[in-house]
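Here is the structure we will look at, set down as structure tokens.
The values are calculated or read from the model by the stated rules, or taken from the named source; none is laboratory data. No experiment lies behind these values; they were computed from the predicted model shown. Backbone-built Cβ (ideal geometry, glycine too); neighbour counts: all protein chains shown.
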């Protein structure tokens, strides 16, 4: 049971990442592990992996524990995107085109070049039923506002970003990521549901087919058993037993259909599995919003990756919006989505 070289290399990397010391050759890995790491992997503190006594092969419990440890934390990659051009003007037209302030007036007051941080969150979905379906979805977000940035996840490779090496990541990235991660996962769920549409339809179609066949089978069985009651060779006890079985057929059929419903029941798991975070040169424009007698100044971002203004988020439900409904609350302007604005 020879251990695969790539598995030995993987084990050595995991040991070293979590504080162990490892040496490997073509046939095994020798390692000294901290006591906590040894306990989490259910290994001795001094271990020799890869030989007959403890082989490292696909499907082995040791490998499963190593994989679980290695994937507990979402891997992060940091980079920056330098763009050749930043827009100088014409932002008033973009406000009317990219973001609409319904029943409010918007006026650009200033422009400044700056940097903003964006995230591409990669999530894995797994749908389990009579079959298995899995895949990945990617969502781009602005780390400061949590707004979903359309097509950012597909456009960023065109700009050939430069990636930071570990230990040299600048401190300009956002620290509080609860809002962007929450919004990204909510969007990832919608994307996953879209990718699973055919799978869900297939499972439901098969459930209807098998349930129909089950009903037809029990209906035919009932007719056959009822016809047999007139057989002259049946004793009274046999007749009573058969009648009891006929009465029990609907309950038995219901149990069979319930089993089918459990068989084709769909369970979906969605989990973030990786993230790319980028610093991007952008244009900050300050915009004065007028609604009734109130005014408010807000920042908007012109994004050179998408070549449009980033959307905003509803200040009540945090949905990403391009149709903004200003509302007056406590002598202040709040920016809401159409749904929240109707609930006023």
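The residues of region 138-157 that are under 16 Å from residue 302 (Cβ atoms), part of a helix (DSSP H, G or I) and in contact with a strand residue (DSSP E or B) (Cβ under 6 Å, 6 or more places away or on another chain) amount to a single one, 152.
In the set 80, 111, 65, which member is within 30 Å of residue 334 (Cα to Cα) and surrounded by 13 or more Cβ atoms within 10 Å (Cβ to Cβ)? The conditions single out 111. For residue 19, the conditions (1) within 27 Å of the chain's Cα centre (by Cα); (2) closer than 30 Å to residue 174 by Cα; (3) part of a loop (DSSP other than H, G, I, E, B) all hold with the exception of (1). Based on what the data block shows, is residue 74 touching a strand residue (DSSP E or B) at 6+ places or on another chain (Cβ under 7 Å) and more than 30 Å from residue 117 (Cβ to Cβ)? Criteria not met by residue 74.
Screening residue 59 on (1) surrounded by 13 or more Cβ atoms within 10 Å (Cβ to Cβ); (2) part of a loop (DSSP other than H, G, I, E, B); (3) assigned by TED's automatic domain parsing to the domain that holds residue 37 shows it passes everything except condition (1). From the list 214, 197, the one residue that fits, being loosely packed, with under 12 Cβ neighbours inside 10 Å and modelled with pLDDT of 95 or more, is 197.
Could you check, for region 88-100, whether at least one of its residues is touching a strand residue (DSSP E or B) at 6+ places or on another chain (Cβ under 9 Å), farther than 30 Å from residue 332 by Cβ and part of a helix (DSSP H, G or I)? No, every residue in region 88-100 fails to be touching a strand residue (DSSP E or B) at 6+ places or on another chain (Cβ under 9 Å), farther than 30 Å from residue 332 by Cβ and part of a helix (DSSP H, G or I).
In region 158-180, the residue that is farthest from residue 78 (Cα to Cα) out of those that are in contact (Cβ under 8 Å) with a residue 12 or more places away in the chain and part of a helix (DSSP H, G or I) is 179. One residue alone among 213, 183 is free of Cβ contacts under 8 Å to residues at least 12 places away in the same chain and either assigned by TED's automatic domain parsing to the domain that holds residue 98 or part of a helix (DSSP H, G or I) (or both), and that residue is 213.
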